[in-house]
Amino acid sequence: MGKTANQMLVIFGASGDLTARKLVPSLYNLYKANQLPENFVVLGVSRSNLTDGEFRKKVVLESSYLENKVKGDAEEVITTFADKFFYEDLGDDYSKEYSKLATRISDLNSKYETGENYIFYLSTPPSLYEVIAKNLSEQHLNNEKNGWKRIIVEKPFGYSLKTAKNLNAGLQKYFKETQIYRIDHYLGKETVQNLLVTRFSNSIFEPLWNRNYIHHVEITNAERGGVEKRGGYYDKSGALRDMFQNHLLQIVSLIVMEPPIDASALEIRNEKVKALKSLRIMRDEETLFKNTVRGQYLASVIDGEKVKGYREEEGVDPNSKTETYAAIKFYVDNWRWKDVPFYVRTAKRMPTKVTEVVIHFKSPHHQVFKNSNLKNKDNQLIIRIQPDEGILIKFGVKVPGQGFKVDRANLDFYYSSLAKNNVMEAYERLLLDAMQGDATLYARADEVEAAWEFVDPILNYWENGPDVNIYGYSAGVWGPTNSDDLLEGNLRWRNPGENLADDPGFCVIK
Ligand code: BG6
């Protein structure tokens, strides 16, 4: 791993939830693992009136998100970490000029020798990205003459193709593309990165990774929870914008892409863009009707406990048509994937929390073992993103006894068996990468726009199409039954269980 240069992390929107919940715990992990540079300062910036001391208390010393992590650590270790945090009140508006902020940054830089290397982390609504970028540039805080300057932006990156393009153009007016880091926390997950390693470091998968051997690809992203306290945000977003456009299409791009020339950010991201651009965009209403299903969870009782329906959630319009379930079938128009259907679904209030990719292989083209009961027992490669992270291969074995009866057996690998290695949390990994200037796991402007190109017509159809339905499903089931109609022939979704090797349809509700 490269050396991390001395630097300052300036977090906009620092009094918000993300800083205390994700960023500070990740920084603490890096600190404990000796991964922070020798000279390192965090400057929180937002509109709350806080002193340095109050900010330290809020995000470090009295933070419930850090409570477990600091247990057993000496007080001196914790206070040395807390002392790296400072706070600057921006007053009532992010759009006012930043000369006072610039002076504070400059003072901290001189005192703590951070080499004029700055990361600006925008944990604010996207509507503020451009104005913050502009104000920073007016103070020459985008200028890399002395020390580098980087800007990290959070999702949602746009609400549509048009807004995403505007956001990109707005940021690129003041920062070069190489200075912009668009975060997608799924790319920080080890198991998502492992998709690349599984494909390109083995000679046993890649030769089969194409239309000749793969029948279809299935991706499930399910969450047990509902919208919780984020009803206001979610109701304007929905499953397609919240999860599919970003996290799931990132996973799709890693499955679809061609082998990159090397593992550099440039080559990997070039291939990902090409992959996203090859998704067949659905434009006519009939295709959109046949290949997309949206649903919304209804009240139900799970394990004796009443669970609210989506429309009863705080911040949600009681007549809302926002989807909490989205299932999309699509094709990839290129040499490798011609005619292979991809089935991707994402939803809240499912029976369990799970994200997995299933590569379904074709049946052997000549059946030697007739009457072997081989139907529905084709080979599958299941890549479990979370939880019970691992890889499972399903293959046929002979049932002992007379004749040739075939059953399906499991060959499995679990990440937990590599427990010796410290598995970094997503934000920890992504922060460290940005601190070291490695953008491989960040989304580039053209990637984000290519993903929106695919999603935009679906959203437009769902909003304005003449015969679009939103199907209800009881909280705690695998979505509306209509989504089964998406699947060709006798195919069925692999409704995964809590554990990787659970068989389809089996899932214990806790
Ligand atoms: C976020 C979405 O990006 O990802 C949330 O906004 C969702 O709605 C979350 O719950 C899921 O992330 P993970 O890592 O728990 O799968």
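Output yes when any residue across the stretch 223-239 is within 16 Å of the ligand (Cβ to nearest atom) and on the phi > 0 side of the Ramachandran plot, and no when none is.
Yes - at least one qualifying residue is present in the stretch 223-239.
Of all helices (runs of 4 or more DSSP H) completely enclosed by the stretch 249-345, which ones contain at least 1 residues that are surrounded by fewer than 19 Cβ atoms within 10 Å (Cβ to Cβ) and not β-branched (Val, Ile, Thr)? I'd like the intermediate steps shown before the answer.
Details: elements: 249-256, 265-277, 285-291.
Result: 265-277, 285-291.
Pick out the one residue from TYR461, TYR442, TYR415 that is open to solvent by less than 20 Å² (accessible area, probe 1.4 Å), within 16 Å of the ligand (Cβ to nearest atom) and hydroxyl-bearing (Ser, Thr, Tyr). Spell out the reasoning first.
On the way: TYR461 fails: within 16 Å of the ligand (Cβ to nearest atom); TYR415 fails: open to solvent by less than 20 Å² (accessible area, probe 1.4 Å).
Sole residue among the options that is open to solvent by less than 20 Å² (accessible area, probe 1.4 Å), within 16 Å of the ligand (Cβ to nearest atom) and hydroxyl-bearing (Ser, Thr, Tyr): TYR442.
Filter the stretch 22-47 down to the residues that are more than 14 Å from VAL60 (Cβ to Cβ) and of a type in the set (Ser, Thr, Tyr) and list them by number.
Within the stretch 22-47, just SER46 meets the criteria.
For the stretch 74-110, which positions are in a helix (DSSP H, G or I), over 11 Å from VAL41 (Cα atoms) and open to solvent by less than 40 Å² (accessible area, probe 1.4 Å)?
Listed by number, the residues that qualify are ILE78, LEU101, ALA102.
Can you name every residue in the stretch 346-361 that is open to solvent by less than 20 Å² (accessible area, probe 1.4 Å) and assigned to a loop (DSSP other than H, G, I, E, B)?
Selection gives LYS348, MET350, PRO351, THR352.
Does ILE391 satisfy the criteria of being buried (at least 21 other Cβ atoms within 10 Å of the Cβ) and of a type in the set (A, V, I, L, M, F, W, C)? Talk me through it step by step, then tell me what you get.
Numbers: buried (at least 21 other Cβ atoms within 10 Å of the Cβ): no; of a type in the set (A, V, I, L, M, F, W, C): yes.
Taking the combined requirement at face value, the residue does not satisfy it.
Please indicate, with yes or no, whether at least one residue in the stretch 341-359 is within 16 Å of the ligand (Cβ to nearest atom), farther than 30 Å from SER300 by Cα and at pLDDT 95 or above. Break it down stepwise before answering.
So in the stretch 341-359, the residues within 16 Å of the ligand (Cβ to nearest atom) come out as 344-357.
From what is left, the residues that are farther than 30 Å from SER300 by Cα are none.
For the stretch 341-359, residues within 16 Å of the ligand (Cβ to nearest atom), farther than 30 Å from SER300 by Cα and at pLDDT 95 or above: absent.
The values are calculated or read from the model by the stated rules, or taken from the named source; none is laboratory data. The structure presented is a predicted model; accordingly, all values stated were derived computationally and were not measured. In this analysis, Cβ positions are derived from the backbone assuming ideal geometry, glycine residues included, and neighbour counts consider all displayed protein chains. With ligands, DNA and RNA removed, areas are computed over all heavy atoms of the protein, side chains included. Shrake-Rupley method; radii C 1.70, N 1.55, O 1.52, S 1.80 Å.
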